[in-house]
Amino acid sequence: MSEEIDYEALPANAGFAVNMLAGALAGISEHAVMFPVDSIKTRMQVFAASPVAVYSGVGNAFSRISSTEGLRALWRGVSSVALGAGPAHAVHFGTLEAVKELAGGNEAGNQWVATSLAGASATIASDALMNPFDGV
């Protein structure tokens with residue numbers, strides 16, 4: 001019987017640049033797909049302060065925005081989010097995999113300390129990179 005293929009894993013010899021590219025593409029994809037939901041959430045929060053709420057719910061907001069402004073209005077501004085998500089997720093994913101490898105997190109068994117260290121390091125590196133841009 002043949003060995004089962006893990007479709008979510010990169011090859012063992014994948015370098016740092018491959019891990020960063022994978023992280024950047026994953027981050028951009030995730031933010032682009034979820035951007036309309038975030039746009040609707042933001043609009044509903046802004047208009048909730050009004051005594052007469054503009055939208056009665058998420059479905060109502062989706063249909064009213066698409067019918068009055070067009071479906072593309074839900075993705076207005078996604079390019080700026082993608083420009084930030086790419087580098088942030090590239091640094092996060094690259095750091096995660098590099099620290100995990102250095103700490104022995106890819107060894108057999110439950111390597112929770114190495115994985116925790118890698119996750120914390122990745123978050124710190126990503127946030128340190130992106131924090132100055134969030135203030136702009």
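The values are calculated or read from the model by the stated rules, or taken from the named source; none is laboratory data. If you're wondering where the values come from, they're calculated on a predicted model, not measured in any experiment. Neighbour counts run over all protein chains shown; Cβ positions are idealised from the backbone, glycine included. The protein model used for the area step is the full one, side chains on, heavy atoms only, and it has no ligands, DNA or RNA in it. Shrake-Rupley method; radii C 1.70, N 1.55, O 1.52, S 1.80 Å.
Remark: relative contact order (the stretch 8-136) = 30 percent; criterion is Cα-Cα distance under 8 angstrom and separation of 6 or more residues. When each full DSSP H helix of the chain is screened for a Cα extent of at least 20 Å along its own axis and an average Kyte-Doolittle hydropathy of at least 0.5, the helices passing are 16-48, 78-102, 112-134.
Heavy-atom surface analysis with a 1.4 Å probe gives the stretch 17-124 a carbon and sulfur content of 68 percent of its accessible area.
The convex hull built on the alpha-carbon positions of the chain has an orientation-averaged projected area of 12.6 nm². When the stretch 30-136 is described by a simple charge dipole with +1 on each Lys and Arg Cβ and -1 on each Asp and Glu Cβ, the residue from 102, 112, 47 located farthest towards its positive end is 47. For the chain, the Cβ-based charge dipole about the Cα centre amounts to some 860 debye (Lys, Arg positive; Asp, Glu negative; other atoms uncharged).
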